[in-house]
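Trainee: Have a look at the structure that comes next, please.
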């Protein structure tokens with residue numbers, strides 16, 4: 001049976017709502033995994049920029065679920081962080097509050113070792129069931145997982161399921177921390193179409209500060225603009241394309257390198 005395939009505008013699958021087209025292959029079951037050819041996986045599209053005419057893959061809602069066994073939380077790869085946190089609150093489990101307000105799936109968060117407020121996915125990671133062409137379906141346990149700042153050894157894998165080890169807590173403490181983190185995140189991020197941070201912070205530096213000191217806030221290419229509120233964000237003013245964003249990224253990197261001799265590394269994933 002052939003995998004479901006859709007030709008769509010990329011504004012439907014990215015938080016940046018960029019203008020462009022792609023072919024989206026929807027993975028409905030385990031059998032579909034064997035049909036994956038050259039292409040790239042997308043989750044909730046919250047930290048990606050998609051070049052035009054890409055061949056992409058996405059896990060369906062079949063892979064969205066949450067099961068709890070004591071302190072082990074078993075989560076399908078396409079499950080949204082917001083849904084996981086709702087279920088954790090009801091079950092008195094703490095440990096994922098640091099991702100409050102992040103519009104992402106658990107698979108994407110593991111792949112990039114998402115983090116905030118001094119914590120990251122690697123702190124609570126127990127295992128992941130993955131798929132790739134060479135190994136088929138296999139499990140990576142925490143002892144064999146590699147995590148670093150916004151990076152992991154899962155990037156060539158489809159993450160089908162994740163196990164997280166959390167701690168018992170009470171409803172009030174969990175909801176208070178979750179709301180605090182969400183409020184802080186929203187206060188710093190622009191309330192516009194964006195994909196989150198453009199660049200990783202260099203060691204002992206803040207990428208946004210470096211960009212701001214190059215006087216690049218408000219710089220516009222096409223319909224993409226370096227955010228006036230926080231310089232490490234690019235916002236979509238209307239129908240920004242991937243090319244608009246990539247042009248701005250090059251401008252930022254060149255200016256920061258010339259002024260500070262620092263090479264910025266992208267946090268946003270470019271497909």
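Trainee: To check my understanding: the extent here is largest minus smallest coordinate of the Cα atoms along each principal axis. What are those three numbers for the range 207-270, in Å, largest first?
Mentor: Projected onto its principal axes, the Cα set of the range 207-270 covers 33, 23, 16 Å.
Trainee: Just the Cα atoms of the range 143-247: what Rg and Dmax do they give in Å?
Mentor: 17.8, 49
Trainee: If you don't mind, there's one more thing I want to ask. Report Rg(Cα)/(2.2 N^0.38 Å) for the range 4-62, keeping two decimals.
Mentor: Normalised Cα radius of gyration, the range 4-62: 1.06.
Trainee: Also, I was wondering about something else. Over the residues of the range 15-131, compute the C-alpha Rg and express it relative to 2.2 N^0.38 Å.
Mentor: 1.12
Trainee: How many percent of Cα pairs in the range 64-188 exceed 18 Å?
Mentor: Tail fraction, whole percent: 49.
Trainee: OK, next. Considering only 253, 86, 219, give the residue with the highest GNM mean-square fluctuation for the chain, with springs between Cα atoms whenever their separation is below 10 Å.
Mentor: Among 253, 86, 219, the largest mean-square fluctuation in the Gaussian network model of the chain belongs to 86.
Trainee: Kindly give Rg over Rh for the chain, based on alpha-carbon atoms, with the Kirkwood expression for the hydrodynamic radius.
Mentor: Dividing the radius of gyration by the Kirkwood radius yields 0.97.
Trainee: Could you list 234, 50 in order of exposure, starting from the residue whose Cβ has the fewest other Cβ atoms within 10 Å?
Mentor: 50, 234
Trainee: Restricting to DSSP H runs of at least four residues, report the calculated mean residue ellipticity at 222 nm for the chain, -39500 (n - 2.57) per run over all residues, nearest 500 deg cm²/dmol.
Mentor: One gets -6500 deg cm²/dmol as the mean residue ellipticity at 222 nm.
Trainee: Comparing 69, 198, 206, which has the greatest mean-square fluctuation in the GNM of the chain with Cα pairs linked when under 10 Å apart?
Mentor: Comparing 69, 198, 206 in the GNM, the peak value goes to 69.
Computed from the coordinates by the stated procedures, all read-outs in this text should not be read as laboratory data. Just so you know, these numbers come straight off a predicted model, no measurement behind them. Here the Cβ is made from the backbone with ideal geometry for all residues, glycine too, and neighbour counts use every protein chain on show.
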